[in-house]
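The values are calculated or read from the model by the stated rules, or taken from the named source; none is laboratory data. As the structure is a computational prediction, the values presented were derived from the model and not from experiment. Because the Cβ atoms are built from the backbone with ideal geometry, glycine has one as well, and the counts that use them run over all protein chains shown. Each accessible area value is taken on the protein alone, full model and side chains, heavy atoms only, with ligands, DNA and RNA left out. Shrake-Rupley method; radii C 1.70, N 1.55, O 1.52, S 1.80 Å.
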Amino acid sequence: MKYWQKACIWLTRKNIYVLKTQRSWYGTVQSRQACMYTCQSEWMRGSSYAETLIHQLVKTYGLQSYRIAVLVGDTALIWKKLAVPSKKKEEACQMAVWDEALGDGSRMYTFDLQTIGKEQPDGTYEWMLGAYPYDLIAAMLDAFETHDCLVERVDIVPAAAGRLCPQGEGTLYLHAGTGEIHVIGLKQGVPLSYGMTSQLPQDAVQWLEAAALMPEETVLWLDEPTQCWLSAPIRASVKKQQTHYTNTLFIVFSNF
């Protein structure tokens, strides 16, 4: 078994980002390897495509018997705010299913809820719902199990973004490749909105040009109080990683 070795895998539409961390048996980091695997976008179409992709990743990067953390997002992710007349999670989950918050019923989803506010005047509580197609998650887990991998967690982009930028109120723009930008609305680390866009707003492009920065290497932040574009208010411990990774994507990705 190699369970003291770990790989973080970020599944995006066109590219798969893999960060391998190899440790000694007593925990010292021996090496880290950042890789990018270009894939066909059709992997999100169904379970058979997803399963094939995972088999290819494990074989290509030698991830057999590794501990695995997976990050997912993109248009397959449902991320929405719900008003539920209960502060109990079990009851909130039941209501989320009953009111068709998980789509039109044509596809099964695995989901979780997190409360984000106090009781409202109308007696409801605010919850954030994150849901991802069940067949894709199940196929990936089955494929990893075939290679004796231990999947520790399956995370989602909005939640990871909230931990990356735990302070401030604004919108985070995170590049994941050409024409693929994750847009997350954050308030003190709580992700309140999530979506995708193919290009930055024009004023953001102008700000990058004035600062002589490359869009694909910058995590951008539109500050809500000032309406100014800034480099993202990334957690201090994450910024220290910049001495180890030249690509901002891997700085972000290594800490999800």
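Listed here are the pairs Lys118/Lys187; Lys14/Lys81; Lys89/Lys118; which of them are more than 20 Å apart at the Cα?
Cα-Cα > 20 Å for Lys14/Lys81; rest within.
Each residue of segment 188-201 in turn: what ³J(HN,Hα) in whole Hz from Karplus with 6.51, -1.76, 1.60 and θ = phi - 60°, glycine and Pro shown as x?
For segment 188-201, the Karplus curve yields 6, x, 8, x, 9, 8, 8, x, 10, 9, 9, 8, 6, x Hz.
Please state, to two decimals, what the Cα-based radius of gyration of segment 12-51 comes to when divided by 2.2 N^0.38 Å (N = residues).
Cα-based Rg divided by the globular estimate yields 1.63.
Keeping the other protein chains in place, figure out the carbon and sulfur percent of the accessible area of the chain, with a 1.4 Å probe.
50
Using only the Cα atoms of the chain, what do you get for the radius of gyration and for Dmax, in Å?
When restricted to the Cα atoms of the chain, Rg and Dmax are 19.0, 55 Å.
Take the alpha-carbon centre of segment 177-240, take the same for segment 105-175, and report the distance between them in whole Å.
20
Given only helices, namely DSSP H runs of n ≥ 4 each adding -39500 (n - 2.57), what is the per-residue ellipticity at 222 nm of the chain, to the nearest 500 deg cm²/dmol?
-7500 deg cm²/dmol, from helical runs alone.
Kindly write out, for segment 126-136 in residue order, the coupling ³J(HN,Hα) from the Karplus curve 6.51 cos²θ - 1.76 cosθ + 1.60 (θ = phi - 60°), rounded to whole Hz, with x marking Gly and Pro.
Values per residue, Gly and Pro as x: 8, 10, 9, 10, x, 9, 9, x, 4, 5, 5 Hz.
Restricting attention to segment 165-241, which GluC sites (Glu not before Pro) occupy a DSSP loop and are surrounded by at most 16 other Cβ atoms within 10 Å?
Hits after loop and neighbour filter: nothing returned.
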